[in-house]
Amino acid sequence: MQSTSSRVVILGTGGTIAGTAASASDQVGYSAAQLGVAQLVAAVPELAGVPLEAEQLAQLDSKDMDHATWRALAQRVARHLERDEVAGVVVTHGTDTLEETAWFLQRVLAPRKPVVLCAAMRPATALSPDGPPNLRDAVRVAREPGARGVLAVLAGQVHGAAEVQKLHAYRIDAFGSGEAGPLACVEESRVRMLRAWPEGDALGLGLVQADPADWPRVEIVTSHAGAGGAIVEALCAQGVDGLVVAASGNGTVHHALESALLAAQRQGVAVLRATRCVFGRVIPVAGQALADAGGLNPVKARVELLLRLLAARLSAGAPCPPRTSRAARRT
Ligand code: ASP
């Protein structure tokens, strides 16, 4: 049922949007996660008449995002979405790992109301900060009738969690949705739809209830010229549970690395191939021994594999195993 409510909850987690520098001309030498979420709201005059609540969930540079914060965020977002008067939730976040948090929340919650990640490339102290207009637009999208799913709003564009990706290290229009393009634009406080809001089934909060310290360990290895299998062997010796290979082109993997990954898979390590390419997806080839991640980039594929492993544990009713080496677990 479509919500008729209009209240928006803004959860602050830090990032450059809450960052400060000593000088207004400094857009790179700043400290992220300095201002509280209430200060970010106060900097946007257009939000004055909007029914809002602001809550500080975390205060970190998103390069340091961690599983415990993800779990707390998912739980808090879910709690607010349950409230009838809440139209949507906005999460202020750093840009560095925004796409990973987006995919995590989408897969766990697949919300029927909008959950809008909002970030900035410039600190709040910049001469021309992008945080305030992005926050204004994010709140606008959170109140858009019919909007749903985990979204990201930056530079006047609305992206879906599946496609959104940070593509530029500096520019304020740093994000894109690849070939799919954005879901919508925000123009003069109007949302202009380009594609349908995302669909999807929630894996559910039960999946992430275990202590994050006990979650499966999933790492990313890269296939590149001169690649070998030593890293995979070392990770297996440490008891890694899953490996994502950032593969070249259409999911191709250096033969030396591939041998090690196949050996790891035989030992019970889950392996997924994602492409290093910014555009396109891994198109399945008959007989491939290593599963592919479709259109997910390597960092989202890592989230996906982590959640699949958690789901497998949950459906097996298995308690979280203590972290021991994989070799030791087999004995
Ligand atoms: N390092 C910052 C962060 O991800 C970058 C940003 O927000 O633009 O928190």
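The values are calculated or read from the model by the stated rules, or taken from the named source; none is laboratory data. Nothing here was measured: the structure is a model prediction, and the numbers come from that model. FYI the Cβ positions are ideal-geometry reconstructions off the backbone, even for glycines, and counts take in every protein chain you see.
Of all residues in the stretch 1-21, those satisfying the criterion of being more than 21 Å from Lys166 (Cβ to Cβ) and either modelled with pLDDT under 95 or near the ligand (Cβ under 10 Å from one of its atoms) (or both) are Met1, Gln2, Ser3, Thr4, Ser5, Ser6.
On the basis of being small (Gly, Ala, Ser), under 19 Å from Gly228 (Cα atoms) and more than 27 Å from the chain's Cα centre (by Cα), does Ala247 make the cut? Taking the combined requirement at face value, the residue does not satisfy it. Listed here are the strands (runs of 3 or more DSSP E) enclosed by the stretch 22-133 that have at least 3 residues being more than 16 Å from the ligand (Cβ to nearest atom): 52-60, 86-92. Filtering the stretch 134-147 to residues that are away from the ligand (no atom under 14 Å from the Cβ), part of a helix (DSSP H, G or I) and of a type outside the set (A, V, I, L, M) leaves Arg136, Asp137, Arg140.
Just to be sure I understand, how many residues within the stretch 51-97 are β-branched (Val, Ile, Thr) and more than 25 Å from Pro133 (Cα to Cα)? Full working, then the answer.
Quick first cut of the stretch 51-97, residues β-branched (Val, Ile, Thr) only: 69, 77, 86, 89-92, 95, 97.
If we keep only those that are more than 25 Å from Pro133 (Cα to Cα) too, we end up with 69.
Looking only at that region, the number is 1.
Going by the structure shown, is Ala74 among the aliphatic types (A, V, I, L, M) and surrounded by fewer than 16 Cβ atoms within 10 Å (Cβ to Cβ)? For Ala74, the condition - among the aliphatic types (A, V, I, L, M) and surrounded by fewer than 16 Cβ atoms within 10 Å (Cβ to Cβ) - is not met.
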